[in-house]
1. Hey, how much of the P(r) for segment 332-435 falls beyond 24 Å, as a percent of Cα pairs?
2. Once the Cα gyration tensor of segment 300-367 is diagonalised, what are the square roots of 5 times its eigenvalues, in whole Å and ordered largest first, as equivalent ellipsoid semi-axes?
3. For a distance above 18 Å, tell me the whole-number percent of Cα pairs in segment 110-177 that qualify.
4. Over all directions, average the projected area of the Cα convex hull of segment 230-431 and note it in nm².
5. Segment 183-270: D in µm²/s via Stokes-Einstein (Kirkwood Rh, Cα pairs, 4 °C, 1.567 mPa s)?
6. Normalised by the empirical 2.2 N^0.38 Å for globular proteins, what value does the Cα Rg of segment 28-165 take?
7. Would you mind checking the tilt of helix 62-74 against the longest principal axis of the Cα atoms of the chain, expressed as 0 to 90 degrees and rounded to 10?
8. List the pair-distance distribution P(r) of segment 139-237, using every Cα-Cα distance, as the percent of pairs falling in each 10 Å bin from 0 up to the bin containing the longest distance, rounded to whole percents.
């Protein structure tokens, strides 16, 4: 019902307010899916169930929770007024800043230290307005680690603080946070109008919930931005040297029999996800170079099945967990070849000859993004040596000689790499001509 129709008698207005907005009844599951039409009751039930699944952790600050729950309460009424979905999606973006403010006050207790030219300025803030006022004066904010960061008290400063404190993680998430910030600024200072559908608005609401929960240290099971850490299982990679056929399976299967099949085996601790787009899963395993989306650890092999089973019985390795975010990779360019990413500890164990060339230290969520970034640097296609590369969702930390790059990184215990790989592992280098 349009607002112009509100001049009708009260009974008519209420009847019209109770009518389902027909725009909410049409549902298309995917970009190429077959759509269908909800009944009024099914549409109301679907939207109620959808928003009920988007919740905040129990210890999120009360002010943040109240504003977010208000949006959850209003959401189902979009069945009666389609524009409500747009209002919820836009206002959810505004809750991010409140969450950052609330978390800032909780963790700092309002006791701040600003530093300018080595001189400290201590501030006791009762409200966040006091913080914002103090941040207007020149100086950098000292975070809990002792680092000093630029801090203006606004949304971008709060995001920098949350990153410096390790509350927000991931290079791809950083790009998403920037996009959400730009949308938030558009909502706060609009220069136009747009109508958002329930699928898009619900996606925003879920992303905001994940960010808020992460600020309070809670991951989202199955989440898009902050899922729980991945479990690395003990896996066997095997292949037939004659036919080239390859297999992966839980390593415990090797204990079931002593079949002398002639297969060769590697035992690794890793995450096998061959169905992930553009990913070989553990078929791409290389003990020297990072070629799987999640870091995989060489444990034993290659060798025959009986030897692999004996090792498993004696060692009994256990699964562990690995995070999705902010892995450190070192890449080497030498003789026209760009070598695939290596772990910091493996690179630290290389011989003098293996250290020749130009090296790059990159922080990224997976090795493919690190490789893409350095390739873009070398070819001058899309990347620059600024600290953050939005093109690749990677952070450029250092480049130069091996000694220069290693000196720019925290010290690490060298771990000699094992020259072992799956037959399907990608080549260890790419031919790259420097632009």
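1. Percent of Cα pairs beyond 24 Å in segment 332-435: 19.
2. Details: eigenvalues 194, 67, 20 Å².
Whole-Å semi-axes of the equivalent ellipsoid: 31, 18, 10.
3. Across segment 110-177, Cα pairs with separations above 18 Å total 36 percent.
4. Over all viewing directions, segment 230-431 projects a mean Cα-hull area of 12.1 nm².
5. 73 µm²/s
6. Dividing the Cα Rg of segment 28-165 by 2.2 N^0.38 Å gives 1.44.
7. Between helix and principal axis, roughly 70 degrees.
8. In whole percents, the pair-distance histogram is 13, 37, 30, 14, 5, 1.
Readers should treat all values here as calculations from the given coordinates under stated rules, not as data from a laboratory. All of these numbers come straight from a predicted model, not from anything done at the bench.
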